[in-house]
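Q: There's a structure below that I have some questions on.
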Amino acid sequence: MVSGAHAARVGACSAARAFAFARHATCGTTTTSARRVSLVHGVFRDGERVRAHATASNGEANGEDGLDFRALGVGVKLSRRLASVGIKTPSIAQRAAMPAVMQGENVAMQSHTGSGKTLAYILPIINSLMDDDAGTIRKDVGNGVRAIIVAPSQELAMQIVRQIERVLGELGKAITQQAIGGANAKRQEEAIRRKRPLIVVGTPGRLAELSRSGILQTHGVRVLVVDEADDLLASNFRRDMARISEHTGKGVPGGRQTIIVSATLKQETLDAYSYLAPNLKHIVASYDKPPETELTKRVVGEDGEEEEAPEDDEEQDEKSAAAASKQARRQGVVSLPPHITHCQVIAERRHKVDELRRAIHATDVQRALIFCNFGRRLQDVQAKLGARGMPVGVLHGGMDKMERARELAAFRRGAFRALVVSDLAARGLDVDDCDAVFNLELPTDETHYVHRAGRTGRMGSPGVVVTIAEPQEAFVVQRFEKNLGVKINEIATKGGEVVRSQPSRAPARPPRRRAPPRDDA
């Protein structure tokens, strides 16, 4: 990779097309047989955003056009390693971001969860270290750390390490070291001294601790990656992130390359990272239109034609599309996985777990994540579902690293039909074939909805998000629908099947009456 930032192409386009997928993601409207892919690029110079836009057909996005990793600049030996582990064609995020990352540009990469963002920054880093003829690390690379990848959670950091080891095998283990909290610090220190890794992946607290002690030498680091960048702006990470950003790449001629990554990069997030990376190039990748699934057919009708709905539903669709267009102008694109059907079930609080159980059976999902907001609720939900014969696991803050690993392993191999988690516990989870997400308790905002939804529908697979809301919470779901520009269909379960329910819109709040003027006479 070439160090320093390069100017991006400048262009103007309508953001409405880039946002087209948001409305179609669940409403079932048929426009054309071929999905389109939107690749939106932007550069921030002195706070000003310049955008360019390109599209590619669905066949191109799936590699049917012949574009492979070699065309993106990946070496022959590394391309063969990718093919040997079943990675033969670049994902949409990799197609969009890798050219800029390969060129050493400062990049803000935004794409929905499960779209291949991790490999989009890992492959250019590895490619820059490898001797393509020998298939090993180049001799002139040296022994110092070349790349630091920061993640907000242990699970995400370990997932990134697994991706590197998956591609490179034993070579990946030799050049990579994790530095995460909750693990033995002394062993990590000894491993850094012994291995002299080229890539270090870790959480902010442990990375900053190793940097302060002098064990982790960061001045020669060429690339800094900030994964789940919006999470790492939290106040509890501020001091450690300041240490990492200030001391990483200080000795690199021309400065380091910085890559920030997330499914949700709002304007305020980009502004907050502008001090880390001048001329930050904002790259957004997403599909325009999802395929139809069996559940979509049951919810919205056959052939993508919705069942008759009240006029206020049609008005709501128009408002959702308008909100999507407004958000497109404001921040780029809603990074929701496009192959997802969004639904809601209305239930009283005392019946919510029963409705959850019925919804899991009715949708026939075999591997689901159930989200709760409070740790004390997790084991309660697990116990209630288990009492009705459903095998359910749980991830909560009181578990140590080994307990969490065992629970996740059991879920991945199918021992549990569902896993009850909180938002923090689920960050970084990468579970193949997770076919549904259930919000037993509402997300706190649209960003959390996006991150929860991203646990399913990964790498173009279909998925379902079901939000179970109390009647008085219906207005919150409507707000998500409006602000995210998606249709959230109201459903019910009947005879073990999913049926479309008549919308029970929350009543509009009456206008506040003004007090009559006082007569002081």
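What follows draws every value from the coordinates through simple rules; no lab data is involved. Keep in mind that this is a model prediction, so the values were computed, not measured. With ideal geometry, Cβ positions are generated from the backbone for all residues, glycine too; neighbour counts draw on all protein chains shown.
Q: Extension gain Ser235-Ser84, at 0.36 nm per residue separation less the Cα-Cα distance, in nm?
A: Extra length available between Ser235 and Ser84 comes to 50.1 nm.
Q: Sticking with this one: I need Lys250, Lys487, Lys401 ordered by Cβ neighbour count within 10 Å, fewest first.
A: Lys250, Lys401, Lys487
Q: If you don't mind, there's one more thing I want to ask. With a cap of 11 neighbouring Cβ atoms within 10 Å, and only residues DSSP puts in a loop, list the chymotrypsin sites (Phe, Trp or Tyr not before Pro) found in region 363-446.
A: Qualifying residues, ordered by number: Phe374.
Q: Do any GluC sites (Glu not before Pro) in region 339-413 lie in a loop, going by DSSP, with at most 15 other beta-carbon atoms within 10 Å of their beta carbon, and if so which?
A: Hits after loop and neighbour filter: Glu348.
Q: Go through Lys88/Lys117; Lys117/Lys401; Lys139/Lys186; Lys77/Lys281; Lys117/Lys266 and tell me which ones have a Cα-Cα distance over 21 Å in this structure.
A: Lys117/Lys401; Lys139/Lys186; Lys77/Lys281
Q: What spacing in nm lies between the two simple spin-label points modelled at Phe374 and Ala387, each 7 Å away from Cα in the Cβ direction?
A: Between Phe374 and Ala387, the label points sit 1.8 nm apart.
Q: If r is the Cβ-Cβ distance from Lys250 to Glu165 and R0 is 25 Å, what FRET efficiency results, to the nearest 0.05?
A: Here the calculated transfer efficiency is 0.30.
Q: Among Tyr121, Tyr273, Tyr449, what is the fewest-to-most ranking by other Cβ atoms within 10 Å?
A: Tyr273, Tyr121, Tyr449
Q: Can I ask one more? What does the extension gain come out to for Arg70 and Ala415, with contour length at 0.36 nm per residue minus their alpha carbon separation?
A: Taking 0.36 nm per residue and subtracting the Cα distance, the gain is 120.3 nm.
Q: State the Cα centre-to-centre distance between region 438-475 and region 138-164 in whole Å.
A: Result: 31 Å between the Cα centres.
Q: Sort Val431, Val392, Val420 by Cβ crowding within 10 Å, fewest neighbours at the top.
A: The most exposed by this proxy come first: Val431, Val392, Val420.
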